[in-house]
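Chemist: Pasting a structure below so you can have a look.
The values are calculated or read from the model by the stated rules, or taken from the named source; none is laboratory data. These figures come from a predicted structure and were not determined experimentally. Backbone-built Cβ (ideal geometry, glycine too); neighbour counts: all protein chains shown. Note: accessible area is taken over every heavy atom of the protein model, side chains too, but ligands, DNA and RNA are not part of it. Shrake-Rupley method; radii C 1.70, N 1.55, O 1.52, S 1.80 Å.
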Amino acid sequence: MKIGWFSRLPNELPTRTMTHRLAGGIGLTMLLLAVGAVAQEAPAPAGAVQNGYEIHNTADLGGHMVGLVGSGRMYDTLVNIQSGPRVLGQTFTMHAVAGTTHPLFDDLSAFSSGFGGDPENFAKLDFSKGKLYEFTGTFRRDRQYADYDLLGAPDNAGQMIPYGAVAGVPTAASLAWGQNNDSPVMFNTVRRMTDINLTILPLSKVTFRAGYSQNIFQGPTLSPARSVGKYDLLAMEYQRNSTDAFTGIMDWKPLPQTKITFEEVVDHFKTGSYFTLNPNGFQAQEADGTPVSLGDWDFVAITATATSPYTISSCNTGSMGTAYSGSGATATYTIFTAPQTPGGMPIVNAACDVITSYLRSQPTRTITPTEMLRFQSSSIRNIEMNGDIRYTMASTTLPNYYETWTGLDGVIRSSTLTGNADAHRAVLSIDYGMTWQATKKIAIADQVDFSSTHQPGYVSLAGSTLNTPSTVVSGNNGYETLNYSGALTKGAAFSVTGNTIGTATAYFGQSSLSNSITGSWDASSRATLAITYRYGTHVIALGFPHNVPSTGIADTGSAAPAGGTVTINENAGIFNAALRPTNNWDLNGTVEMSYDDNAFTPMGARQLKHYRVHTLYRAKPWATFSGAFNDLERHNNTNNVVTPTIDGPLQHVDYSRSASLGAVLAPNEHYSFDFNYAYTDVYNSTNACYLSAASTTFPGAAETNSAGTGPNLCPSLLTEWGPVKDFADAPTQYASFGVTYAPNKTIHTGLGYRISAVSGSQFFSDAQQVNGSLQSAYQSPYLNVAWTVHPGLIWRADYNFYGYGEGGASGAPFCSTTTSATATIVPCNSSTLTGPTGLTESPAGMSTPRNFHANNLTLSMHYEF
């Protein structure tokens, strides 16, 4: 429950004095190791022999020194290497000397790296005994920290809520509605992964294998929640998810070129995550000092008139007593009073809506047993076959769902939801492939894949609320206040947290069948050509009924499709060529095109084109050049099958294109050079509409109609605004080069540079939105030096510079203050807009800047013994 470190971790960098001490300590350690190494004139032994084993050890000891300027959050997101001593690497090997016999093992090896504070740790242990058994075990740990504060964060800084107001005019003292300086989806989690595998009789006709894997994922995460109480809630999720997988395998080799395998895998997933209030989300307190959350953390307003995230509409005016008098625009009221102590939180009126506590727990258990039977054989002349059949019967249970909320929401003082849920998943999959070598130069292959999934489930929720009495108490009228201490009566069931009370059933299922026939021809010793035809059918079933074709959603604004099935048929062709124009030049490429007669989602491709080319040229034994090109394009030019009439033609397009070049030159043992360049462009766009009835302000950019007077309206019975071409484009260039130079056998050096630069653009759905990482550059020059003091003892220094920066100002060119069909369109830097926009705020947006640069120096000593 000690969570203060969570949001402060990026800023907990060593002080200048601490950095100097760390640097001095690491430098002194390296100096002593170097002096001691020089004093040893005898070279390290190649490997000591003890008890019939040849034993060899190595250790890499050292540490990091980090100097950071700029955003600690972004540095931890991208790099997360901190100052301090480290065990950078370690190896230990034992190998039985020829002619000796050992009862337990003949070979043993252990490796590890990264221990002592690096974000990634690794350890591996292997040992074996001839033909009897083989054992391997690994442990991996990695810390995943991510806080890109522009991701999902509302731009809501600059709002001021007065401590007192007369007819809406603020007094000198106000509550500043602070900008969220953390991403609402930030996380600081750790994964610990353990894998153990044992093979018995690895070279026998019958082989047994057993394995166990565990993956534990835990740590705090911010999590945006739906409306809880009156406003949206930013919750803190404390994750603790684990997966245990048990595997048992038997391989039978009845013939020299035939193997049959039976495998049993049982996966058990367990989550112990729970949600509570964000500890940094308390903006005020009650009169008795109880901290409260006001909610509305994602409030955004870009309008012609000033608005506030927390107004008198959040209060029960009839219970405010003398804090509210008058009526209408001339009413006098006090929502907040000044803190009682300097720097304290303001005191909220007890009749205003707040959240004092929130807890949601949903412990879920899933067990997934799977049986698999596989075979592969080439025992029949000119025939190769492989196939498998898999069956899974999984069960998921949520035995105790619990959600509780306390505070004030009009009449409601608290709400509690309890319930349970259950789902089952049955999957049958069959795959079979065969290749027939018809002639020396012609081969025919057929691959059939089938899968069928059924997943029914249900959920049951029951709720209760506690309301304030509506009778007059202590001179107040209407609903009572938070600090009311009288008897409370239980009101009718009310879902204050947004969940639906009752029992609901659900169903999901799908089946797929595909058949690919390939013919290949060895046209010559330098050319092989192949062509494939693939036919596939995919049936998706949802809801009830789920055995008849779905009719989609009627044009009524319904949020869920009618039950039924959606069928998608695919026809595809693939052409592949593998060429060898010269002995030193390899060239291969693929062209794939497919067409689907339906699509389930807007981004489901109905037309697909995929082009791939790769080449490798060895000009000299020491000079290699490579190149690659990849272009994947997908289109959906028709209506979405689930919502055929609401959104109209989607005109969805997305593509991913990349081209790369590389060269490696190593003319001799003294120096080498490598160079790489890559260009990628990821683009997607879809027609989009925005519901005008959802709010009174349009939260973003506007597209004018043909008359230039207002927004277009979508072709729908709903009042929607648009359509707009929602798109994002991220062209990225990556380049790197490296040079190594070794003047002699004792000195080795390396120098290089890496950069990744994005120059993208997007449709701005939020007027305060900026391009952020779509206009950014991440670069990292490096330098390393290794000095072999004597064989088995190497001193090494590695320097890395990390620099990240985002581009200039960006944002939507046009904005609107309303969503009516005749809304006035103004430039987004117009003085008629009271709030900041992407064209008027800093390049970082309303959140904190994300630019940084860091100097990282790693000193280490490699010692063999």
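Chemist: Around residue 395, with a cut-off of 10 angstrom between Cβ atoms, what is the net charge of the other residues, counting Lys and Arg +1 and Asp and Glu -1?
Modeler: Numbers: positive: 365, 425; negative: 422.
Value of the local net charge: +1.
Chemist: Show me 610-617, 843-850, 460-467 ranked by packing, highest mean number of other Cβ atoms within 10 Å first.
Modeler: 843-850, 460-467, 610-617
Chemist: Taking just the C-alpha trace of region 389-450, give me its Rg and Dmax in Å.
Modeler: When restricted to Cα atoms, region 389-450 yields Rg and Dmax of 27.2, 84 Å.
Chemist: Over region 197-304, what per residue volume does the convex hull of the Cα atoms give, in whole Å³?
Modeler: Enclosed volume per residue, from the Cα hull, is 184 Å³.
Chemist: Show log10 I(q)/I(0) for region 274-405 at q = 0.10 Å⁻¹, two decimals, from a solvent-free Debye sum over equal Cα scatterers.
Modeler: Cα-only, vacuum Debye calculation for region 274-405: -0.58.
Chemist: Here's a follow-up. Please work out how much accessible surface residue 264 shows to a 1.4 Å probe, ignoring ligands, DNA and RNA, in Å² rounded to 10.
Modeler: Counting only protein heavy atoms, the figure is 50 Å².
Chemist: Sticking with this structure for a sec: Taking the mean number of other Cβ atoms within 10 Å as a proxy for protection, how do you rank 794-801, 853-860 from highest to lowest?
Modeler: 853-860, 794-801
Chemist: So which of 124/259; 131/270; 131/259; 441/620; 131/253; 131/440 end up more than 27 Å apart by C-alpha?
Modeler: In this structure, 124/259; 131/270; 441/620; 131/440 lie more than 27 Å apart at Cα.
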